[in-house]
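Single-structure report; data block below.
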Amino acid sequence: MPEVKLDGVTKRYGKVTAVDRLDLVVRDGEILTLLGPSGCGKTTTLRCIAGFVVPDEGRIFLGEEEVTRLPPEKRDIGFVFQNYALWPHMTVFQNLAFGLQLRRTPKEEIGKRVREVLSLVRLSGMEDRYPRQLSGGQQQRVALARALVLRPRVLLLDEPLSNLDAKLREEMRFEIRELQRQLGITAIYVTHDQAEALVLSDRIAVLNEGRLVQLGTPEEIYQRPANRFVAGFIGLSSFVEARVASVEADGATLETEDGVRFRVPKGSLAEGQTIVLAIRPEHVEILAAPSEELENVFQAEVLRAAYLGNSIDCRLRLGKWELRTQLPPGKIPSPGEKLWIRLPPEKLILVEA
Amino acid sequence: MKGLRGGTGGFLPLFLLLPAVAFILVMYVYPFALSIIRSFTDEAGSLSLVNYHKAVSLYGRDILFSIQVAVLGTLISTGLSLALAAYIRLSDSRVARLVNSMSRLGIFLPYVVVAQMMRSFLAPHGLLNVLLANMGLVDIDTPLQLFNIRGLTFGFLWKETPFITFIVLSGLQVIDDTYIEAARSVGARTRHVILRILLPMIKPTIAIAVVLTFCTIVSTFTLPYMIVAGNPTTVTVDIAHRVTYFGDYRVASALGVFLYLIVGAMAIYYLRRTVREEVYGY
Amino acid sequence: MGTKWRRALLEGLLLCLVFFVIFGPISSLLIWSIAIRWYWPHVLPQEIGLAYWKQALGLQRDWAIAAVSIWGAFGTSMLVALVSTALVMTMAIPAGYALARFRVPLKALILLLFLMPKAFPQQPIFVNLLPTFTRWGLAGTVQGVILIHILVCLIFGVWITTSAFKAIPQELEEAARSVGATRWRTFWKVLLPLAAPGLLVSTVFVFITSLTEFTGTFFIGLPFVTTLPMLLYSSSGYNMQFASVIAIVLLIPSLLFMVLIQRVFRPEYMGGIAG
């Protein structure tokens, strides 16, 4: 399996730049997710790699071969569409066999390979069904099988799970991940769903407004978001803007304009610098009572709380800032109630303002 | 909310449909039945096949001519339309858009205007021959004679090709691009995309367009009446002759039944398909 | 770049061919309508002028020009088309509403009635109506021609109207009913205004179909009722210029309709016309 390389890829639609000088290397055998809000250029990027869209500038390589202007039918890729795009006039078998027939594969070989890949996606025995006779999840797996049966150089998936219901979607995440590992195929996966990206990626490329914002493993992206956009897009974050009031040997003190003071690890902070604190809900600790010896202990006021079954989604007010947290199930706090919270310094994420 | 969505609404729908249905019963079904009865009746008013004997012996050749024109016209216009529609669907060039809007013209012009157009365009000294003669493609003294099956077929092609193209193209436009891209991604070239994906996906639509075209060509009286000179000619023209020159409604009706038979299988396919779609939704 | 050039060349050829095939016959009409003398095998007429147009439009009267005023036939055509259209739509709108919105008993049979005239040739119908019309004193009268035109147009009227109503989401009517409007009021205040563009297309199409109807008028109306298509037919044998003038007059409404349908275009309407 070759690596996929994008070199300064740019695509404009009229005045809108959908993809802006994108450099990216997808490593051999990894599954990389292009993640971002709608309109961030992730689908355009994928379609450039597939050959459905020809970039205005830049070059695309599959392995050693430059494919920038090669038509899609000559690229040897597998593509899974959001709407599956299973040809409705063909049975499952015919859908899978079509590409093999075009390659003049012998008949027995076609039958063998179709059966093989169908058992891989656990659809053995469905050969003669028409797509409309299958459930959404089954159609999804046929689409996957159709892309895999040709043993493509790279597998491209364009939001393949977004038409499935929530439960099935979660199952399929693991299935796709498993399959990709098992086959060792290089895969590029487009999604706007951060949970999906976190579950199934080796690495995530976060895109915004056509540009690559951050590239890293799920852990890196979640724990060390490069900026406020990434921190807000991946996982939940509450943001607090503050100024570095003082830097000491064992840490730094931040102060917001309304006088709330936080202790944070020193890092490379400089006095007077403005910075944004990103606070994840799971990093807000609830204390039974105020504590003198711990740092960053505050009294916060409950703004509203919503029962979620396994937890309680709670919005707190700290100074003029709103913090979101999750409480264990139990008594639902009523608005106006005061809670003691602690924000462990080492858990706080600092991003550029 | 009774009757709003699929409810029966009592007699209201029947009442609303009554005028239209009554009109069709009196003005269509009655003469339709009459035409069949008349075709089996002799001068004395008794049951007989004499009209059919006459029809076949006098106009047998024309019955074949009608079929020939309809088959030829349908096949050629369908072939041209499929190619044109696929080209317009897959190309985003200005030429494709231009061809598309130009071809619409034929759908909207009525047959009587088309007939006059063809009469002047295809005449022995008409514009087509003028142009061909000046280009040296035909001899001035022996221009192309087109007031026969060739000119008639051309006239039908002129009118029906845009129609089928339009219907087929409407079908093709509904197909999401992803179906085409999916084919490309597994290695299909343009001809595979057209022949294995696009056209098979809209087979029912193509069938309807073909059937309607065939029925239209068989049924049309204006065009052959105005441009075919002498024999052989179409059955529709024979019917008019039979009525206007001989006042012979019985043989005319027998010829009418032949028209019904020519379109028979196709018309029934069309009726069944459309009724099934409207009533059961598939 | 070779393929690009080849493609451009092929597209250019296609464009020329389509252009010639479509506009060749049309320009033949245009040229003939202004040709005073045109001798074989010259590409263009020797003498051109608007004499036939003037004579046809009643602006001049010259015995040397073989054309008559078309206003008489135009008046007959308009009368027939207006009355037919009005009557067709009064029948088609309720019928279309019923087909679009109710579960009609015997629906398959009723649909069959409305489809048969589209599938089977209508000429035998006209022929067999002629003796009946003669007996009733309708043959060769404007009333008889109007009845025939209604027969020809009603089918189109019903189908396009049905699709126009079907194109309107039913929730909009349900919303009106839920705030207390009666079915009658909902029809007038909600459905009819929303379906207006489709009904307009239907009406105009019916009008043009009647205006250009040939076969039925030929059997029922001749020789006493002269509509424009009949006048065109009777002059087409001997007078290319005059016939071309009438053909162009008849072509104009169709072109206007083409523009209209592109404006308020919904594929469903064409479905009513075609499918």
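The values are calculated or read from the model by the stated rules, or taken from the named source; none is laboratory data. Model, not experiment: these values are computed from the prediction. Cβ coordinates were reconstructed from backbone atoms using ideal geometry, including for glycine residues, and neighbour counts include every protein chain displayed. These accessible areas exclude ligands, DNA and RNA; they are computed on the full protein's heavy atoms, side chains included. Shrake-Rupley method; radii C 1.70, N 1.55, O 1.52, S 1.80 Å.
Between residue B:203 and residue A:308, what is the label-to-label distance in nm when each label sits 7 Å out along the Cα-to-Cβ direction?
5.1 nm
Whole number please: convex hull volume per residue, Cα atoms of the protein assembly as shown, in Å³.
252 Å³
Kindly sort A:283, B:53 by accessible area of their heavy atoms, largest first, with the probe set to 1.4 Å.
Result, largest first: B:53, A:283.
Leaving ligands, DNA and RNA out of it, work out the accessible area of residue C:188 with a 1.4 Å probe and give it in Å² to the nearest 10.
130 Å²
Using DSSP to define loop residues, name the GluC sites (Glu not before Pro) in the range A:5-75 whose beta-carbon has at most 12 other beta-carbon atoms within 10 Å.
For GluC sites (Glu not before Pro) across the range A:5-75 that sit outside H, G, I, E and B with at most 12 neighbouring Cβ atoms in 10 Å, the list reads A:64.
Given +1 on the Cβ of Lys and Arg, -1 on the Cβ of Asp and Glu, and no further charges, what dipole in debye does the protein assembly as shown carry about its Cα centre, rounded to the nearest 20?
2260 debye
Per residue of the protein assembly as shown, what 222 nm ellipticity follows from adding -39500 (n - 2.57) for every DSSP H run with n ≥ 4, rounded to the nearest 500?
Dividing the helical sum by the residues of the protein assembly as shown leaves -17500 deg cm²/dmol.
Give the value in nm², to one decimal: projected area of the alpha carbon convex hull of chain A, averaged over all directions.
Average of the hull's projected areas for chain A equals 22.2 nm².
Placing unit charges on C-beta atoms (Lys and Arg positive, Asp and Glu negative, everything else neutral), compute the dipole magnitude of the range B:47-280 about its Cα centre in debye, rounded to 20.
Dipole about the Cα centre, nearest 20: 340 debye.
Hydropathy at least 0.0 by Kyte-Doolittle, axial extent at least 18 angstrom from the Cα trace: which helices of chain B, defined as entire DSSP H runs, fit?
Helices passing the filter in chain B: B:12-24, B:50-90, B:94-108, B:149-174, B:203-219, B:249-280.
Within the range B:50-75, which residues have the backbone N less than 14 Å from the label spot 7 Å out from residue B:265 along Cα→beta-carbon, could you tell me?
Of the residues in the range B:50-75, B:71 have backbone N under 14 Å from the label point off residue B:265.
Rounded to whole Å and sorted largest first, what semi-axes of the equivalent ellipsoid does the C-alpha gyration tensor of the range B:47-280 yield via the square root of 5 times each eigenvalue?
Those come to 36, 26, 13 Å.
How would A:188, B:208 line up by accessible area, probe 1.4 Å, largest first?
B:208, A:188
Among A:176, A:143, A:154, flag the residue with its Cα farthest along the positive direction of the charge dipole of the range A:117-195, charges on Cβ as +1 for Lys/Arg and -1 for Asp/Glu.
A:154
I need the phi-derived Karplus couplings for the range C:25-42: 6.51 cos²θ - 1.76 cosθ + 1.60, θ = phi - 60°, integer Hz, Gly and Pro marked x.
3J(HN,Hα) across the range C:25-42, in whole Hz: x, 5, 5, 4, 4, 4, 5, 4, 5, 10, 8, 8, 9, 9, 9, 4, x, 7.
Enter the accessible area per residue of the range B:126-282 (Å², integer; probe 1.4 Å; all protein chains in place).
I get 38 Å² per residue for the range B:126-282.
Collect residues whose amide H, placed 1.01 Å from N in the peptide plane, falls under 5 Å from the amide H of residue A:252; neighbours closer than 5 in sequence don't count.
Amide H neighbours of residue A:252, under 5 Å, 5+ apart: A:264, A:266.
Distance from the Cα centre of the range C:75-132 to that of the range A:86-101, in angstrom?
What the calculation gives is 44 Å, centre to centre.
Can you pull the mean other chain C-beta count within 10 Å for peptide B:37-45?
Mean shielding by partner chains, rounded to a whole number: 1.
When the convex hull of the Cα atoms of chain C is projected onto a plane and the area is averaged over all directions, what value comes out in nm²?
Over all viewing directions, chain C projects a mean Cα-hull area of 22.3 nm².
Not counting ligands, DNA or RNA, and with a 1.4 Å probe, what is residue A:13's accessible surface area in Å² rounded to the nearest 10?
Its heavy atoms expose roughly 110 Å² to the probe.
So how much accessible area does residue C:42 have, in Å² to the nearest 10, using a 1.4 Å probe?
Approximately 90 Å² for this residue.
How large a share of the accessible area of chain C, in percent, is made up of carbon and sulfur atoms when the probe is 1.4 Å and the other protein chains stay in place?
71 percent
Tell me which residues come under 5 Å, amide H to amide H, from residue A:154 once H is placed; ignore anything under 5 positions away on its chain.
A:78
Between residue A:21 and residue A:165, what FRET efficiency follows from the Cβ-Cβ distance if R0 is 35 Å, with the result rounded to 0.05?
0.35
Identify the trypsin sites (Lys or Arg not before Pro) of the range C:4-97 meeting these criteria: DSSP loop state and at most 13 other C-beta atoms within 10 Å of the C-beta.
C:61
Got a sec? Which residues of the range C:100-126 lose 50 Å² or more of accessible surface with every protein chain in place, vs. that chain alone, 1.4 Å probe?
Going by heavy-atom accessible area, the residues of the range C:100-126 that drop by at least 50 Å² are C:102, C:103, C:113, C:115, C:116, C:119, C:120, C:121, C:123, C:124, C:125.
Quote the FRET efficiency, to the nearest 0.05, computed for residue A:297 versus residue A:82 with a Förster distance R0 of 35 Å and r equal to the Cβ-Cβ distance.
0.15
From the Cα trace of the range C:7-72, what convex hull volume per residue do you get, rounded to a whole Å³?
117 Å³
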